[in-house]
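Working notes, structure below.
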Amino acid sequence: MTASRLNRLAWAAAALAAILFAIAPLIWMLLTSLKTNREITQETSLVPAALTPDNYLSLFNGRQFGAYLTNSVIVTGLSVAIALALGTMAAYVLARFRLPGGLDRYVGFSLLMVRLLPPVVIVIPIFLLAQQLGFLNTQLSLIVVYATFNVTIVVWMMESFFREIPVDLEEAAMVDGDTRFTAFRRIVLPLAAPGLVATGIFTAIATYNEFLFALVLTSTPAAETMPVGAATLIGRINVDWGAMSAAGVIGALPIVVFSVLVQKHLVRGLTMGAVK
Amino acid sequence: MALPTRPGTPGAALRGAGLDRVLPYLMLGPAIFLVLAVVVYPLFEGLRSSTGFFRFGRLVRSVGLDNYRQAFDDPLFAQALLTTARFVFLAVTIETVLGLGLALLLAREGRLVRRIRATLILPMIVTPVVVGIVFRLIYASDVGLLASLAHALGLSSPQILSNGDGAFWGLVVLDVWEWTPLLFLILLAGIQSMPIEPFEAAKVDGASGWRTFVDHTLPLLRPTILVAVTLRAIEALTTFDQVYVLTRGGPGTSTQLISIYGYQTFFQFQQVGYAAAMLFIVSLVVLLASGFAIALMWRRGR
């Protein structure tokens, strides 16, 4: 009896320690963002003496944080939508058709190789190409690049979802007069909805968080996304700690809210995105 | 002629006419076009750049394999590779041990456990740049969390980002904080898909918790651990964002990971060809590791 109670106590202590380790750094950032800069630099207090919204106001008045967030949402939304549309169709073909000369298998393998390629290897040529084409510092350049990266992920994840759907259902629909594409749209897609949700979550988080390509391809608030905007606050000689912590909170907020909204599918999406 | 579907599926009965015959190509085309234009073509351009000499961002002439030779003679490149290897090895090892512990701790069902899991994965979904900010706010010697704690306890502030060892370990801790959740998630999935029988038998035999873990859990989980470690190591090899925010590679070269060095070679030193060659060498390493991971997954899938 006491042994099992001791066990339960040890379990609770371990779980609590893990939770503390995971969220204490984030809470510290939140607390810092609510202090005045004077309190941050001179008083080294743990908890703010009085809460102030000044750091947040400074981000949006004069520092263009609204523009960064808008860019992030536009770029993420469009590139994920494009990738889901194109990737789903391609994944369906790879899951259902055998093309002459083993073309489908060849394409599937190539897409997997591209997915495994570290993006950093093409950052230099992409920059040079964007420069030549006059695409530097546009939302379009980021949308195209992200849509492409996401397409390979979508194909990879959705193919296995389509394989799990019995082909009889499409046949039945086609006997009833559907074309193959209508059968795909009307029958297969709705059945693959959980897969679409998981894939969408994974790609949306990865895209919103992307930094390297955004850093290289954009240079003004006309196209810079949130991670780049937050990073530009740093690197000066005098760090504005208050603004920096507020930027961190604002940057993390959409992701945290999003993850609460999709909580039910989140773990599945993240695990699948990593391992499949 | 109608398109044959996968053998063994009844789909061979599907017969389409007209549009249906070209349908697979229409559906596959746009995705392939994107990948060809945005990945494959730049890849070849990059390969060309890596054998070229640039001036003011323009390819002046080809220099063959000189850029690759330069990489092998460059002590900073060797240093960056070594730092990256140390970083990946230390971070991934700690993440695996902690992730396995968490997975064992939380491999049960219930609303509370689900809530705890959802909380624990927060670090891995927070934007990496923000993670960099979070840890600057912890390490900063004047305003950081550690400094404030030390102040409250009457101790002097710890100096972390101002010395090489401190900064390197600070980066390892950052990575452990951010990515232990990923190892946790993958290993949890592995634990939850393990067969129950060996564990029931061990219980009947009266085996201790530790013996059960060593005799049954670890061997059954081994393939999953290998996959998880390889996947995480591949990603860690090209860590960039967090270092960019936390230390920019400094002080000195103590946290100069390979991607940071490549970035600086390109954007600060304007050595386009050399930077491209360096990144190709790194990608080759990553692809080899990926091949290893795929072989593992393929074996596990059978």
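The values are calculated or read from the model by the stated rules, or taken from the named source; none is laboratory data. What you see is a predicted model, and the numbers here were worked out from it, not measured in a lab. Reconstructed Cβ throughout: ideal geometry from the backbone, glycine too, with neighbour counts over all protein chains shown.
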Which residue is nearest to the other protein chains (Cβ to nearest Cβ), if the candidates are limited to the stretch B:35-61 and must be under 9 Å from residue B:273 (Cβ atoms) and outside any loop (DSSP other than H, G, I, E, B)? B:49
Every residue in the stretch A:160-170 that is buried (at least 20 other Cβ atoms within 10 Å of the Cβ) and in a helix (DSSP H, G or I), please. A:161, A:162, A:170
Taking the stretch A:185-219 and keeping only residues that are crowded, with 21+ Cβ neighbours inside 10 Å and of a type in the set (S, T, N, Q), one is left with A:199, A:203, A:207, A:209, A:218
Mind listing whichever residues of the stretch A:223-265 are under 30 Å from residue B:114 (Cα atoms), among the hydroxyl-bearing types (Ser, Thr, Tyr) and surrounded by 23 or more Cβ atoms within 10 Å (Cβ to Cβ)? A:245
Quick check on this structure: which one of A:174, A:157 is away from every other protein chain (no Cβ under 11 Å) and assigned to a helix (DSSP H, G or I)? A:157
Residues within the stretch A:1-37 that are touching a residue at least 12 places away in the same chain (Cβ under 8 Å), in a helix (DSSP H, G or I) and more than 7 Å from every other protein chain (Cβ to nearest Cβ), tallied: 4
Matching entry among B:277, B:201, B:207 (being crowded, with 22+ Cβ neighbours inside 10 Å and farther than 30 Å from residue B:133 by Cβ): B:277
Checked against (1) farther than 29 Å from residue A:149 by Cα; (2) among the hydrophobic types (A, V, I, L, M, F, W, C); (3) touching a Gly at 6+ places or on another chain (Cβ under 6 Å), residue A:94 satisfies every condition except (1)
Suppose we filter A:101, A:134, A:87 for residues that are more than 8 Å from every other protein chain (Cβ to nearest Cβ) and either in a helix (DSSP H, G or I) or β-branched (Val, Ile, Thr) (or both); which single one remains? A:101
Which condition breaks for residue B:213 when tested against (1) assigned to a helix (DSSP H, G or I); (2) under 30 Å from residue B:255 (Cα atoms)? (2)
Any residue at all in the stretch A:234-255 that is within 21 Å of residue A:53 (Cβ to Cβ) and not in a helix (DSSP H, G or I)? yes
Would the stretch A:50-59 turn up any residue that is buried (at least 18 other Cβ atoms within 10 Å of the Cβ) and within 14 Å of another protein chain (Cβ to nearest Cβ)? yes
Matching entry among A:141, A:110 (being at pLDDT 95 or above, under 20 Å from residue B:44 (Cα atoms) and either part of a helix (DSSP H, G or I) or facing chain B (nearest Cβ under 7 Å) (or both)): A:141
Quick check, is residue B:64 among the small types (Gly, Ala, Ser) and either touching a strand residue (DSSP E or B) at 6+ places or on another chain (Cβ under 6 Å) or farther than 25 Å from residue A:120 by Cα (or both)? no
